[in-house]
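Only one structure is covered here, and it is reproduced in the block below.
FYI, it's all coordinate maths here, none of it is from the lab. In this text the structure is predicted, and so the values were computed from the model without any measurement. Note that each Cβ is placed from the backbone with ideal geometry, even for glycine, and that neighbours are counted across all protein chains shown.
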Amino acid sequence: MTSQLAFNPIRKVIPVLGLVLLLLTTYALPLAAQEAPDRRKLTDPTAPGFEPAIEEYDPWEGWNRGVYRFNHGVDTVVLLPLVKGYQFIVPEIGREGITNFFDNLFEIRNFAHNLLQGKIEGCLNSAFRFAINTTLGVGGLMDPATDAGFPEWREDFGQTLGVWGVGPGPYLVLPLVGPSTLRDTFGLAADAVGEGLWLNLLVNAPDWSKSTEDKIKWSLTGLRILNTRSNVAFRYYGTGSPFEYELVRFLYLKNRQLLIEQ
């Protein structure tokens, strides 16, 4: 009788079960309660940190994939060789100055869209940036405004439309431009018109001849395209993923969503 009680397995299991219950009560349940808000923010719009799902609406996918391949061909055969020549001729410090120059030249776009979005702080930031970089930055070739606490708040008309409540619409890949949406395409066109008018105003100011003005405008436009592509590390089909199209689409839409929500 005594030997049977000594080797009763239930006596050994009960303390172990009690220890497990104690650990669950002490650590697991409070941890689950802390994680509940993190899970809730994925489904409850009223939860802090709620992130709405991205709607990857792509009804023109066949067209978009064709344009994506076309852009890859133009980029590989035409643009990247020109960019390599540009990088070979112009040293890095020179390319940085050119980037600063164009950023400062079109800072007026950031000012206008901050104003349209009701971002008074952004308007003041753009105004101070333009004033500081145009004067202390030698016509915008340097960027002392950022060091002075006025970083660039890049805005465009697509973001402004988003702030006004206009949805992105269908995803769209534009020839020579790349990822966009229907809303951002209208925004891009509006910005192009506005920047063209601003550039015409600046070029016309010194009272040059029409042919000289055209040469300057086309030269600045070409230089801006080369410099912009030089600053972008992305290479078509360089991700190594068989789903690169879907990846680029997701990253573009997510980035635009975050920019509009700022």
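What the table shows:
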item: Gained length - residue 102 relative to residue 115, 0.36 nm times residue gap less alpha-carbon distance; result: 2.6 nm
item: Residue order, fewest to most surrounding Cβ atoms within 10 angstrom, among 113, 72; result: 72, 113
item: Three semi-axes of the equivalent ellipsoid, the stretch 102-196, Cα gyration tensor, whole Å, largest first; result: 27, 15, 10
item: Low-density loop positions, trypsin sites (Lys or Arg not before Pro), the stretch 198-253 - DSSP coil, at most 11 other Cβ in 10 Å; result: 235
item: Translational diffusion coefficient (Stokes-Einstein; Kirkwood radius from C-alpha pairs) of the stretch 133-175 at 4 °C, 1.567 mPa s, in µm²/s; result: 98
item: Protection-proxy order for peptides 134-144, 196-206, 155-165, each taking the mean of Cβ atoms within 10 Å per residue, highest first; result: 155-165, 134-144, 196-206
item: Local net charge near residue 194, Cβ-Cβ under 14 Å (Lys/Arg +1, Asp/Glu -1); result: -4
item: Global form of the stretch 61-261, assessed from the alpha-carbon gyration tensor, a/c cut-off 1.5; result: oblate
item: Value of Rg/Rh across the stretch 159-221 [Cα atoms, Kirkwood radius]; result: 1.15
